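Enquirer: Pasting a structure below so you can have a look.
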Amino acid sequence: MKYSYLMVLMLVLAIPPGSFAQRCLLAGDVKDVEGNTLPFASVIARFADNYNKVVNAQADSAGNYRLRLSPGRYILSASFLNANQPFGDTLVLTGDSIWHTLTLHTTATRLSGVTVTALSPPVTAEKGKIVFNVQNAANEPGQTALDLLSKIPGITVDGEGNITYAGSNGVNIMVNGRMTYLSGPQLANYLKGLNTADLAKIELITSPDASFDAAGNAGIINIVSRKKFAGGLAIDLRSAVSAGRYLMTNQHADLTYAAQKISLYGSFDFNTPHKYLDRKGGNVLPKTDNQLYLERNTGSAYKIRYYTWRTGAVYRLHPRHTIGVHYHGYLDDFTCVHSTTLQTLSPSGRVQTISNSRNNIIEPYHYDAVNLTYQYDLDSLGKKLTLDADYTSYRNYSDAAMHVRDYLPDGTLTAENTLSSYQPGFVKIRSVKADAELPFNSLLVKAGLKYAAVTNDNNFRFDSLQHGVVTEVDNISNHFRYNERIAAAYVFGTMRLKKTSFNAGLRLEHTDASADLLKQGSRNKWNFLQLFPSFSIEHTLNDYHNLSVQLSRRINRPGYTALNPVRWYRDPYFYYSGNPGLIPDLAWNVSATYSLHKKYIFNIGYRHSNRYLSEQLAFDEYSRAIRSQTANLGAMQRGDLRIAIPLSILPVWQVQGNANISYTTYPISMISGSRQFSQWAASLTLQQDFTLPAGIKATVSSYLTTAELHGIYRTRPIYYHDAGVKKSVWQNKCTIQVSVSDIFNTSRLQGVALTDYTDFHYNDKPDTRRVGVAVTYHFGGRSVKQAERKTEEQERL
C-alpha cells in the first residue's frame with residue numbers, strides 16, 4: 001500500500017504531454033495581495049475579439065476556479081467584495097490546459113474624509129479550518145506569536161509558556177505549514193521570537209487529513225506569516241520597544257532579492273521577551289505525628305535575549321525544476337532567577353520553620369536547521385513531486401545553582417546548602433520525505449513517504465555543597481538517552497461533484513523508540529504500527545451557506561523533555577521531572593463547521609482520547625518536595641462549540657465576537673483509585689476596530705476565560721483588555737503603532753490541584769501590563785516570502 005502512489009505517478013508520467021490538449025481547461029486560484037485565498041470569488045473570461053461575449057465562473061471555498069474554453073485569446077478578471085483587478089490578465093489558449101493565479105487588490109472608498117478599505121474578514125472558515133486573520137489589528141506592537149495564541153478562544157498558555165488547545169497539550173504548532181519541532185518552554189521561547197507584525201493569520205485545524213503528520217491529537221495550529229512577493233531588491237526594517245516591569249525591544253531587518261530564476265533572502269532578529277511572575281502558593285507536608293502547611297512566595301524573573309537568523313535561496317533550474325536550500329538558526333540566551341521564601345506552619349497557624357532560597361538558572365539554547373528541497377512540476381495544472389531533506393541540531397547547556405538557608409522563627413540559621421546541576425542536552429533530528437500532488441479533472445490525489453530519526457542525549461549531574469564539601473547527589477544524577485525512528489506513508493484523495501467535495505485518506509506510521517537510563521541499566525521500549533484514517537465532506541448550498549464535516553484519528557507522542565527524568569527545581573520543595581514511563585495517547589476527532597454569508601462561523605467538535613497526557617502532582621517522600629511531571633491520566637472526552645460573529649455597527653466601527661464553549665471530563669488519580677472530574681467552561685473575545693480620520697486605525701480588545709479544567713488543576717477566571725492605534729505614512733512605506741496590553745492589570749493565573757496526593761494551589765501575577773511602540777519601514781522592490789522548513793519531530797523537543 002505504501003508504494004501505491006509511485007504506481008499512480010508512473011502512470012501519469014507515461015501519458016504523452018499532448019494527450020489532454022483537446023480539453024482546453026483553464027484552472028487556477030484567486031488570492032489577494034497578501035496571498036490569502038478568496039473563497040467564492042467571481043471569475044469572468046471575456047473573448048478578446050468579442051468583448052461582449054463572456055464566460056462566468058465562481059471559485060469554490062478554497063478559492064479555486066475552473067473554466068472550459070475553446071482555443072483563443074481571452075481577458076481574464078475576478079472580483080471579491082471590494083477587491084478587484086485594475087486590469088484583466090490576457091491569456092492565449094492553444095488547446096493545452098493552463099493553471100493561472102488571479103491576484104486582486106483592495107479598493108478604498110472615502111466617506112467624509114474617512115478612508116474605508118476592504119480587508120480580510122477577522123475570522124473565516126475554509127476546508128475544515130477556522131482562520132483568524134490578524135494582520136489588520138492595531139494592538140500588536142511589542143507582542144509575539146505566543147501572546148497572540150493566548151488570546152484565541154480555546155487556547156491556553158500557562159505561566160511557563162506551555163500551550164494547550166481544546167484542553168490538551170497534544171497540539172502541533174506549525175509555521176507556514178511546517179512543524180516547529182519544539183514543545184513546552186522551548187516552543188514558548190521560539191514563539192516569542194516571532195513578532196505579530198510578521199504574521200498574517202492563525203489556522204486552527206481540529207481534524208487534519210492524512211497528508212499531515214499524525215502527531216497532535218488535539219489538532220494543529222498553523223501560524224502563517226505575511227506573504228511577500230517577488231520584485232527586485234527589497235529591505236524591511238522594524239524597531240519596537242515596550243515597557244512594563246522590564247524594558248523590552250525587538251529589532252528586525254531582512255533583505256530579499258528576486259529575479260526571474262533565483263530568489264535570495266536573509267534576515268536577522270533580536271528580541272528580548274523578558275517576563276516576571278509573582279507567585280504565591282502552598283501545599284501540605286505529611287508528617288507522622290501531624291501535618292505541616294507550607295506557604296511560598298516566589299518572584300520568578302526571566303531575562304531572555306533571543307537572536308535569530310535565516311537565509312536561503314530558491315533557484316529555478318528549468319521551468320519545471322526548482323531547488324531550494326534554507327537555513328534557520330537561533331540562540332536563546334535564557335537566564336532565570338527564582339527567589340522564594342517558604343514557611344512551614346502548624347495546623348494552628350504557628351510558624352515552624354522559614355526557608356529562603358535563590359535558584360539561578362543559565363540555559364543557553366542553540367538551534368540550527370538546514371533544509372534541502374526539490375520540486376518537479378509535472379504539468380501546468382498543478383501536478384508536482386516534491387522532495388525534502390531536513391537536519392536539525394538542538395543543544396541546551398543548562399547550569400543551575402540553588403542556594404538554600406533554613407531558619408527558626410527567631411531567625412537562628414539551622415542549615416545552609418547549595419544544590420548545583422549541570423544538564424547538557426543534545427537532540428539531533430534527520431528526516432526525508434517525498435510527496436506527490438496529482439490533480440485531475442474532478443479528482444486531486446496526494447501521496448507521500450516519510451522517514452525520521454531522532455536522538456536525544458542528556459548526561460545530567462547534581463552536586464550538593466555542605467560545609468565546604470562538594471558531593472554528587474547520586475540518586476538524582478543519571479544519563480538519559482532516547483532513540484526514535486518513525487516511518488510513514490499516506491495516500492489522500494479529494495473529489496468534487498458539483499457543490500460537494502469528498503476527502504478521504506489513510507496514513508500508516510511505524511514507530512520504533514527506546515528510552516534508556518544508563519546508570520541503572522533500565523530501558524523502556526515502544527514498537528508499534530498504527531493506521532490513521534481521515535474523512536471529510538464539504539457542501540456548498542449556495543453563496544450564503546456552507547457546511548463541512550471532518551473525522552480523523554490522531555496520536556500524541558510524549559515530548560522528548562517529558563520523557564527525560566532530569567529535575568528542574570523552582571525551590572527546595574517543588575520541582576519538575578520527566579517520566580520515562582509515558583506511552584503515546586491516541587484519539588478520535590470529529591468536527592462540523594457551518595458558515596453563513598462566509599463570515600458567521602459555527603463549529604462543533606468532539607474528541608475521545610484514550611490515555612490523556614497531562615501534568616500530575618505527587619509527594620516525594622525522600623526529598624519532602626512536590627514533584628510535577630507528565631502522566632497518562634486516563635480516558636478524556638472533550639466537546640467544543642466555537643462561534644465567530646462579526647457586526648458592523650457603523651461604516652467606521654466593526655466588531656468581531658469569538659466564543660468557545662466547552663465540556664471536559666476525565667479521571668484524576670487519587671490516593672485510593674481515581675475520581676472523574678467534569679467542567680463546563682467558556683472563553684470569549686471581543687475585538688472592536690475603528691477607522692478614524694487621517695487614516696488612523698484603532699483596536700480595542702477584551703478577553704474573558706471562565707474557570708476550567710487544566711490538567712489536574714481547576715483554574716479561576718481570567719479577564720483583561722488591550723488597545724492600540726496604527727497609522728501608515730510616507731505612501732504606506734512606514735507604519736507607526738502604539739499599544740497598551742492588559743490596560744487595568746487584571747490578568748492573573750490562579751488554580752487549585754484536584755488530586756488528594758497533595759493540597760496544592762497557585763496564584764501567579766505575570767507582567768502583562770505593557771506599553772509598546774513599533775515603527776516598520778519598507779523600501780526597494782517587493783520582497784519574497786521566506787520559507788519555513790520544519791517537520792513534526794521538532795514539535796516534541
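The values are calculated or read from the model by the stated rules, or taken from the named source; none is laboratory data. This structure is a prediction, so every number in the text was calculated from the model and none was measured. Don't worry about glycine lacking a Cβ; one is built from the backbone with ideal geometry, like all the others, and counts go over all protein chains shown.
Enquirer: Out of segment 619-651, which residues are crowded, with 18+ Cβ neighbours inside 10 Å and touching a helix residue (DSSP H, G or I) at 6+ places or on another chain (Cβ under 9 Å)?
Expert: Within segment 619-651, Gln629, Thr630 meet the criteria.
Enquirer: Given the condition assigned to a strand (DSSP E or B) and either under 16 Å from Lys280 (Cβ atoms) or outside the structural domain of Thr392 (by TED's automatic domain parsing) (or both), answer yes or no: does some residue in segment 357-373 qualify? Talk me through it step by step, then tell me what you get.
Expert: First, the residues of segment 357-373 that are assigned to a strand (DSSP E or B): 357-373.
Then drop every residue that is not either under 16 Å from Lys280 (Cβ atoms) or outside the structural domain of Thr392 (by TED's automatic domain parsing) (or both), which leaves 357.
So far as segment 357-373 goes, yes, one or more of its residues are assigned to a strand (DSSP E or B) and either under 16 Å from Lys280 (Cβ atoms) or outside the structural domain of Thr392 (by TED's automatic domain parsing) (or both).
Enquirer: Tell me which residues, restricted to segment 374-429, are within 15 Å of Val566 (Cα to Cα) and of a type in the set (S, T, N, Q).
Expert: Asn396, Ser398, Ser420, Ser421, Gln423
Enquirer: Where the second residue is of a type in the set (A, V, I, L, M, F, W, C) and not in a strand (DSSP E or B) and the first is under 30 Å from Gly448 (Cα atoms) and lies in segment 407-431, which pairs have Cβ atoms under 6 Å and are six or more apart or on separate chains?
Expert: Going by the 6 Å Cβ cut-off, the qualifying pairs are Val427/Leu797.
Enquirer: Please enumerate the residues belonging to segment 459-489 that are out of contact with any Asp or Glu (no Cβ under 9 Å at 6 or more places or on another chain) and surrounded by 18 or more Cβ atoms within 10 Å (Cβ to Cβ).
Expert: Phe460, Ile476, Asn478
Enquirer: Does any residue in segment 734-755 that is assigned by TED's automatic domain parsing to the domain that holds Ile712 come within less than 6 Å, Cβ to Cβ, of a residue that is at pLDDT below 90 and among the small types (Gly, Ala, Ser) six or more places away or on a different chain, and which pairs are these?
Expert: From residues that are assigned by TED's automatic domain parsing to the domain that holds Ile712, the pairs are Thr735/Ser728; Gln737/Ala774; Ser739/Gly772; Leu749/Gly159.
Enquirer: For the list (1) in a strand (DSSP E or B); (2) buried (at least 16 other Cβ atoms within 10 Å of the Cβ), I need the number of the one condition that Val752 fails.
Expert: (2)
Enquirer: Quick one: count up the residues across segment 446-496 that are hydroxyl-bearing (Ser, Thr, Tyr) and not in a strand (DSSP E or B).
Expert: Here is the first cut: in segment 446-496, the residues hydroxyl-bearing (Ser, Thr, Tyr) are 451, 455, 464, 471, 477, 482, 490, 494.
Okay, now just the ones that are also not in a strand (DSSP E or B), so 477.
The qualifying residues number 1.
Enquirer: For segment 497-590, list the strands (runs of 3 or more DSSP E) that sit wholly inside it and hold at least 3 residues that are under 28 Å from the mean Cα position of the chain (by Cα), within 30 Å of Met402 (Cβ to Cβ) and among the charged types (D, E, K, R); which are they?
Expert: Passing ranges: none, list empty.
Enquirer: Would you confirm, using the coordinates I've provided, whether Val325 is at pLDDT 90 or above and more than 20 Å from Lys192 (Cβ to Cβ)?
Expert: yes
Enquirer: Right, here's the next one. Please determine whether any residue of segment 347-358 is surrounded by fewer than 18 Cβ atoms within 10 Å (Cβ to Cβ), within 28 Å of Lys303 (Cβ to Cβ) and without any contact (Cβ under 8 Å) to a residue 40 or more places away in the chain.
Expert: no
Enquirer: Additional query: Could you go through segment 321-331 and let me know if any residue there is surrounded by fewer than 17 Cβ atoms within 10 Å (Cβ to Cβ), over 30 Å from Val752 (Cβ atoms) and among the polar types (S, T, N, Q).
Expert: The answer is no; no qualifying residue exists.
Enquirer: Yes or no: segment 252-261 includes at least one residue that is over 22 Å from Thr103 (Cβ atoms), part of a loop (DSSP other than H, G, I, E, B) and at pLDDT 85 or above.
Expert: no
Enquirer: Which one of these is modelled with pLDDT under 90, among the hydroxyl-bearing types (Ser, Thr, Tyr) and within 25 Å of Val454 (Cβ to Cβ): Thr561, Thr540? Working first, answer last.
Expert: Working: Thr540 fails: within 25 Å of Val454 (Cβ to Cβ).
Exactly one residue qualifies, and that residue is Thr561.
Enquirer: For the subset of segment 169-186 comprising residues that are over 9 Å from the mean Cα position of the chain (by Cα) and either within 18 Å of His328 (Cβ to Cβ) or among the acidic types (Asp, Glu) (or both), which member is modelled with the lowest pLDDT?
Expert: Restricting to residues being over 9 Å from the mean Cα position of the chain (by Cα) and either within 18 Å of His328 (Cβ to Cβ) or among the acidic types (Asp, Glu) (or both), the top hit is Tyr181.
Enquirer: Run Ser267 past the list (1) more than 23 Å from Tyr777 (Cβ to Cβ); (2) in a strand (DSSP E or B) and report the number of the one that doesn't hold.
Expert: Ser267 satisfies every listed condition except (1).
Enquirer: Please verify whether Arg611 is assigned to a strand (DSSP E or B), surrounded by 16 or more Cβ atoms within 10 Å (Cβ to Cβ) and in the same structural domain as Lys519 (by TED's automatic domain parsing), treating the condition exactly as stated.
Expert: So Arg611 does not fit the description; no.
Enquirer: Next up: Restricting to segment 382-404, name every residue that is buried (at least 18 other Cβ atoms within 10 Å of the Cβ), over 17 Å from Tyr330 (Cβ atoms) and at pLDDT 90 or above.
Expert: Leu385, Asp388, Ala400, Met402, Val404
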